[in-house]
2 protein chains.
Amino acid sequence: MDQRLSLITLGVDDLARSRAFFEQGLGWNPKEEHESVCFYQLPGLALALFGRADLAEDAKRPIDGRFSGVTLAINGRSREEVDAMFSRALAAGATALKAPEEAVWGGYSGYFADLDGHVWELAHNPGCVIHPDGSTTF
Amino acid sequence: MDQRLSLITLGVDDLARSRAFFEQGLGWNPKEEHESVCFYQLPGLALALFGRADLAEDAKRPIDGRFSGVTLAINGRSREEVDAMFSRALAAGATALKAPEEAVWGGYSGYFADLDGHVWELAHNPGCVIHPDGSTTF
């Protein structure tokens, strides 16, 4: 399983307020803006802000004190690679949260929790480019 | 404030067990191994595993249900840049957790919580290289 990250998603309570912190406050520029999610391209990977409840629902990880509100994603180059990474994570002892499935945004995505409860997404997003060195551009 | 990330740290309960998951389980290779922390170099940034209680103590963020167990770090090129980033984050509405100070590992580090409670470290680490594009090599 590739040693790389494609996306970090932070669950937020009020997207407009959180965007203002990063954009007006810190000076960051969004790469892709949608009604419920905003992506910032960083060197090597992207960071997204997404509603905390929506993120919990997407990851099938209820907000019960165990969900950190942060997800780390590794994007595969194909759906088959996503399936293979998911199987490998489970074989290594991870807990399945959502087996990879068609995603509403047009890709393919699953989630697992690692041994410490951190939530990882494995996804195939046809709209993002995975470079030969593993860095990802959204 | 630069739009980039240097390090993601995941708090873990048992470092040896978590390392086995990432190394034997997923096939990742450590870049730097210490008794209490292990770094994995990824494209553009690094990921560290560090004891959850030690991470909470370092970030001055008690494990009280509000700490996610994840920290995101931006490394500055100097202590002055760390101070400037810290001031900017506070001016934007962040909550100071630890003002930048000398760190036991030989660098300089402070922490803030963003508007949603996510914990960010700002650090100067003389041992890591920040490339012109903002990617960071440990």
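Structure notes:
- Relative contact order of region B:7-137: 23 percent, from C-alpha pairs under 8 Å at least 6 residues apart in sequence.
- Amide H contacts under 5 Å for B:Tyr108, placed H, 5+ residues apart: B:Ala103, B:His124
- Summary for A:Leu90: label point 7 Å along Cα→Cβ; distances to the equivalent points in the other copies, ascending, 4.9 nm.
- Shielding by partners for peptide B:24-32, expressed as the average number of C-beta atoms from other protein chains within 10 Å of each residue's C-beta, is 4.
- Ranked by how many other Cβ atoms sit within 10 Å of their own Cβ, fewest first, the residues A:Glu23, B:Glu80 fall in the order B:Glu80, A:Glu23.
- Environment charge of B:Met1, counting only residues whose C-beta is closer than 14 Å and scoring Lys/Arg +1, Asp/Glu -1: -4
- Phi-based couplings in Hz for region B:107-122 (Karplus 6.51, -1.76, 1.60; Gly and Pro marked x): x, 8, 8, x, 9, 9, 9, 7, 5, 9, x, 6, 9, 10, 9, 10
- Beta bridges per DSSP with both ends in the protein assembly as shown, % antiparallel, nearest 5: 70
- Region B:62-138 - percent relative contact order, Cα under 8 Å, separation 6 or more: 32
- Whole-angstrom gap from region B:71-138 to region A:25-95, using each part's C-alpha centre: 23
- By DSSP, the beta bridges lying fully in region A:43-138 are antiparallel in about 70 percent of cases.
- If you take all other residues with their beta carbon under 14 Å from the beta carbon of B:Glu35, and give Lys and Arg +1 and Asp and Glu -1, the sum is -3.
- Rounded to two decimals, the Cα-based Rg/Rh of the protein assembly as shown, with Kirkwood Rh, is 0.93.
- Percentage, to the nearest whole number, of Cα pairs in region A:29-126 over 19 Å apart: 42
- The order of the peptides A:67-76, B:117-126, B:91-100 by mean Cβ neighbours within 10 Å, most packed first, is A:67-76, B:117-126, B:91-100.
- For the residues of A:65-78, the average number of beta carbons from a partner chain within 10 Å of their own beta carbon is 2.
- Each copy carries a label point for B:His131 at 7 Å from Cα toward Cβ; from one copy, the others' points are 0.7 nm away, ordered from shortest.
Values in this text are rule-based calculations from the coordinates and carry no lab data. All figures in this text were calculated on a predicted structure; none of them were measured in a lab. Cβ atoms come from the backbone with ideal geometry, glycine included; neighbour counts cover every protein chain shown.
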